[in-house]
Amino acid sequence: MAVASPPLVRLGTVDSTQARAFALAAGGALDGTAVVADHQTAGRGRRGRRWEDVPGASLLVSIILRPRLPATRRPLLTYAAGLATAEALGEAAGLVPRLKWPNDVLAGRGKVAGVLLESRPAEGEAVVVVGVGINLAQRSFPPELAGRATSVALETGTAPDRDAVLAALLRRLAAWRERLDAEGFGPLRERWLALADTVGREVVAGSLRGTAVDLDADGALLVRTGSGLHRVVAGEVEPAAAGPAGALTPPDPGSILHQI
Ligand code: BTN
């Protein structure tokens, strides 16, 4: 017997597909319901930033999850979403993507996709909305993003079919969620490490500067400094600007502990 796919809601211009997804979730939308828009006037990025798009040039999608995971493990969904996005771009757009911790998708000249996970306290069942923005057809970016952002079109010469990328993304997200539920974080950690751009690099995370060496069993990034191994669980992790060897700032005492 065929299993019905979760609903797909297609919209034109919206404020944010995240906002629309939460509204649909409040009205009882099913797990896996996806909201896609052509353009957002108030697209939300991580850490309170805006996510800008040119109408019709991006895949802008929010997916409603009603996770079975306990609250403490729900942040691991961020890896399911990042992996699904990277793999969808490999499958449907011919990119060879890399992941910047935790889930920025990089290709060639810079960041090609971003992932935002938001949750709202809900009566009873928890709701997490996974938002994914993928630059598909942009041929240039505004000055403030130039040098940091890229698109599939810039990397491959061709804008891929938006629906093909979307279908691959939804399929792979469902598959990684299933594995997370059934097998735990291990398989996601392994796959993330295989696609990681961050590991092996000199990085800066807040006042910590050192070499990213691994991903911990709970998703924390492990950074080695002169004073030992530190766990980074939230915030920005950027490649360190090239500097003279040994010019490390003093590391924070202990771990940087925040929520992802
Ligand atoms: C990031 O800052 O890297 C995450 C960006 C996430 C953007 C997507 S676009 C679709 C969805 N709707 C939003 O308002 N944001 C996410």
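Each value in this text was obtained by applying a stated rule to the coordinates, not by laboratory testing. Remember, predicted model here, so these are calculated numbers, not experimental data. Please note: Cβ atoms are built from the backbone with ideal geometry, for glycine as well, and neighbour counts cover all protein chains shown.
Scan the stretch 192-201 and give yes if some residue there is in contact with a Phe, Trp or Tyr (Cβ under 8 Å, 6 or more places away or on another chain) and surrounded by fewer than 16 Cβ atoms within 10 Å (Cβ to Cβ), otherwise no.
No, the conditions are met nowhere in the stretch 192-201.
Among residues belonging to the stretch 202-218 that are assigned to a loop (DSSP other than H, G, I, E, B) and out of contact with any Phe, Trp or Tyr (no Cβ under 9 Å at 6 or more places or on another chain), point out the one that is nearest to L77 (Cα to Cα).
D216
Hey, which of the helices (runs of 4 or more DSSP H) in the stretch 139-199, taking only ones fully inside, have at least 3 residues that are touching a Leu at 6+ places or on another chain (Cβ under 6 Å) and under 23 Å from L8 (Cα atoms)?
So the answer is 162-183.
At least 2 residues that are more than 18 Å from the chain's Cα centre (by Cα) in each: list the strands (runs of 3 or more DSSP E) lying fully within the stretch 1-80 that qualify.
8-14, 34-40
Quick one: count up the residues across the stretch 85-96 that are within 16 Å of the ligand (Cβ to nearest atom) and over 12 Å from the mean Cα position of the chain (by Cα).
The qualifying residues number 2.
Return the total of residues in the stretch 107-116 being within 12 Å of the ligand (Cβ to nearest atom) and either closer than 10 Å to L195 by Cα or crowded, with 21+ Cβ neighbours inside 10 Å (or both).
Number of matching residues: 5.
Please find, within the stretch 214-234, the residue that is nearest to G184 (Cα to Cα) out of those that are exposed (fewer than 14 other Cβ atoms within 10 Å of the Cβ) and in contact with a strand residue (DSSP E or B) (Cβ under 8 Å, 6 or more places away or on another chain).
Restricting to residues being exposed (fewer than 14 other Cβ atoms within 10 Å of the Cβ) and in contact with a strand residue (DSSP E or B) (Cβ under 8 Å, 6 or more places away or on another chain), the top hit is L229.
Considering each residue of the stretch 28-68, count those that are more than 9 Å from the ligand (Cβ to nearest atom), under 23 Å from A4 (Cβ atoms) and touching a residue at least 60 places away in the same chain (Cβ under 8 Å), and give that number.
Within the stretch 28-68, residues that are more than 9 Å from the ligand (Cβ to nearest atom), under 23 Å from A4 (Cβ atoms) and touching a residue at least 60 places away in the same chain (Cβ under 8 Å) number 8.
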